[in-house]
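K.L.:
Dropping the structure in here first, questions after.
The values are calculated or read from the model by the stated rules, or taken from the named source; none is laboratory data. Since the model is a prediction, treat every value here as computed from it, not as a measurement. Note that we place each Cβ from the backbone using ideal geometry, even for glycine, and neighbour counts take in every protein chain shown. Ligands, DNA and RNA are stripped out before the accessible areas are found, and what is left, the full protein with its side chains, is counted by its heavy atoms. Shrake-Rupley method; radii C 1.70, N 1.55, O 1.52, S 1.80 Å.
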Amino acid sequence: MNPFNYQGPVAPGRLINRRGELHVLQRAAADGVAIRLAAPRRFGKTSLLDAHVASMQAVGHRALRVDLSKVSTAGDVAARVAGAFSALPNDPRRTVRRWSARLGVSAHVAGVKLSLAPSAVRPPADEARAALLELLDVPLGLHEQDGGLTVVCLDEFQDLLVADDSLDGLFRAVIQHHGGAAAYVFAGSQPSLMRALFSDRERPFYGQARPLELPGLPADEAARDVESLLAASGLQADGAVDELLAFTSGHPQRTVLLAHHLYNVLDSPDRPDDPAAEAIDLALAETRDAHQAVWDSLGRVERIVVMALADGQAPTGTRVAGEHRIARSTLQDALERLVADERNVARDQQGRPYLLDPLLGEWLRRR
Ligand SMILES: Nc1ncnc2c1ncn2[C@@H]1O[C@H](COP(=O)(O)OP(=O)(O)OP(=O)(O)O)[C@@H](O)[C@H]1O
Ligand SMILES: [Mg+2]
């Protein structure tokens, strides 16, 4: 079986690196400090949270992850919380059980198998808010019972505001009284929205959580881990893994996607001369539609900027400006919009802009 899973969170045992981040999370839980983890899509936020949950459970704490992605109503939020909390032991007031039934959440055997009824059958907003007020307080009830700590990881936290833009106030009102009873991690993939939640003076969570960055994977360690998984299946990669890491610059999901294809290429009876190039071709074929969708969503000047970035040119320099007869200030504005949008373009430590997805860059170069 191909050991490279690139489609969802990876099991804690398969995590490449992230020791530093896990250490920060563990220390913060011990100190009762809340953390906010913001990173681009597919950088391994959920995988890191799962590893944190596993390590907290291993030392005897209660720990869980609530997935808030694409919640669209307060009822959805309450149902997700009830579902995740059903993995906890019975709380003194049996809150989770009581609300689970009313929210259409059925959990079998302590949250092992969970089903959520369609959101159309959820209760009205005021009842959902009442549910949240009680559910979010469950860690406190458990703490009063046994003095234990519950680690609560809220994944895609910014989606809360899609459901109802006052729900962060409700969350904060409840959990601010949980010192010692619960430790919180807020994770999200739209970094600017996460920043708005925690850095905007008007919002209830202003200044309430310490930021934790999630960079790309260190190339040497990622290469070593990929090589050893290949070797465990009897596959010799020679220089191909280093080539792939040079190509992905440590982008977590793209690295694993390419490793997945490299595994298949090396495992096939007719091994090509350049396995890394073959893996890149396969990954490009698989992701073509996504790149086309990104391209279609961009305006003319943004397209010129991303093209320049893909070609390794200064996107706001005189050469690009002259070639397209566009003022440099117009290019600069487009670049700033792309950086602010955070989905496709980021800045490195030196402030230089780059394309987040190495495969998008390659797709553009092959235009
Ligand atoms: N530390 C890591 N070690 C190995 N693989 C990783 C790591 N981080 C991310 N990945 C790869 O990236 C993929 C996406 O990881 P994950 O779902 O945790 O990211 P995410 O940031 O939560 O993504 P999304 O924005 O889609 O929610 C995984 O399937 C895996 O292939
Ligand atoms: Mg995720």
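K.L.:
Could you look through the range 149-174, keep only residues that are touching a strand residue (DSSP E or B) at 6+ places or on another chain (Cβ under 6 Å) and within 21 Å of Thr95 (Cα to Cα), and pick out the one that is farthest from ligand 2 (Cβ to nearest atom)?
P.N.:
Thr150
K.L.:
Condition check: more than 30 Å from Val138 (Cβ to Cβ), in contact (Cβ under 8 Å) with a residue 24 or more places away in the chain and of a type in the set (Ser, Thr, Tyr). Does Ser189 satisfy that?
P.N.:
Working: more than 30 Å from Val138 (Cβ to Cβ): no; in contact (Cβ under 8 Å) with a residue 24 or more places away in the chain: yes; of a type in the set (Ser, Thr, Tyr): yes.
The answer is no for Ser189.
K.L.:
Scan the range 5-31 for residues that are touching a strand residue (DSSP E or B) at 6+ places or on another chain (Cβ under 7 Å), within 16 Å of ligand 2 (Cβ to nearest atom) and over 17 Å from Asp225 (Cβ atoms) and jot them down.
P.N.:
Narrowing the range 5-31 to residues touching a strand residue (DSSP E or B) at 6+ places or on another chain (Cβ under 7 Å): 21, 24-25, 28-29.
The next check asks that each one be within 16 Å of ligand 2 (Cβ to nearest atom); those that pass are 21, 25.
Result: Leu25, single match.
K.L.:
Specify the residue that is nearest to ligand 1 (Cβ to nearest atom); the eligible residues are those in the range 22-47 that are under 15 Å from Ala183 (Cβ atoms) and within 14 Å of the chain's Cα centre (by Cα).
P.N.:
This residue is Leu37.
K.L.:
In the range 48-106, what residues are surrounded by fewer than 19 Cβ atoms within 10 Å (Cβ to Cβ), assigned to a helix (DSSP H, G or I) and of a type in the set (Lys, Arg)?
P.N.:
Matches in the range 48-106: Arg97, Arg98, Arg102.
K.L.:
With the structure loaded, tell me whether Ala240 is more than 14 Å from ligand 1 (Cβ to nearest atom), open to solvent by less than 40 Å² (accessible area, probe 1.4 Å), among the small types (Gly, Ala, Ser) and under 18 Å from the mean Cα position of the chain (by Cα) or whether it fails that test.
P.N.:
Working: more than 14 Å from ligand 1 (Cβ to nearest atom): yes; open to solvent by less than 40 Å² (accessible area, probe 1.4 Å): yes; among the small types (Gly, Ala, Ser): yes; under 18 Å from the mean Cα position of the chain (by Cα): no.
So Ala240 fails the test.
K.L.:
Whether any residue in the range 257-279 is hydroxyl-bearing (Ser, Thr, Tyr), crowded, with 19+ Cβ neighbours inside 10 Å and either touching a residue at least 40 places away in the same chain (Cβ under 8 Å) or in a loop (DSSP other than H, G, I, E, B) (or both) is what I want to check. Explain how you work it out, then say what you get.
P.N.:
The initial filter retains those residues of the range 257-279 that are hydroxyl-bearing (Ser, Thr, Tyr), namely 263, 268.
Of the ones still in play, those that are also crowded, with 19+ Cβ neighbours inside 10 Å are 263.
Remaining after also requiring either touching a residue at least 40 places away in the same chain (Cβ under 8 Å) or in a loop (DSSP other than H, G, I, E, B) (or both): 263.
Checked against the condition, which is being hydroxyl-bearing (Ser, Thr, Tyr), crowded, with 19+ Cβ neighbours inside 10 Å and either touching a residue at least 40 places away in the same chain (Cβ under 8 Å) or in a loop (DSSP other than H, G, I, E, B) (or both), the range 257-279 yields at least one hit.
K.L.:
Would you be able to say whether some residue in the range 280-296 is open to solvent by 40 Å² or more (accessible area, probe 1.4 Å), over 30 Å from Ala183 (Cβ atoms), polar (S, T, N, Q) and at pLDDT below 95?
P.N.:
Filtering the range 280-296 down to residues open to solvent by 40 Å² or more (accessible area, probe 1.4 Å) leaves 281-282, 285-286, 288-290, 292-293, 295-296.
Filter once more, so that each one left must be over 30 Å from Ala183 (Cβ atoms): 281-282, 285-286, 288-290, 292-293, 295-296.
Next, from what is left, pick out any that are polar (S, T, N, Q): 292.
When the remaining residues are screened for being at pLDDT below 95, the result is none.
No; the residues of the range 280-296 include none that is open to solvent by 40 Å² or more (accessible area, probe 1.4 Å), over 30 Å from Ala183 (Cβ atoms), polar (S, T, N, Q) and at pLDDT below 95.
K.L.:
Right, something else. Which number in (1) away from ligand 2 (no atom under 16 Å from the Cβ); (2) more than 17 Å from Glu156 (Cβ to Cβ); (3) at pLDDT 95 or above marks the one condition that Val81 misses?
P.N.:
Only one criterion is unmet by Val81, namely (2).
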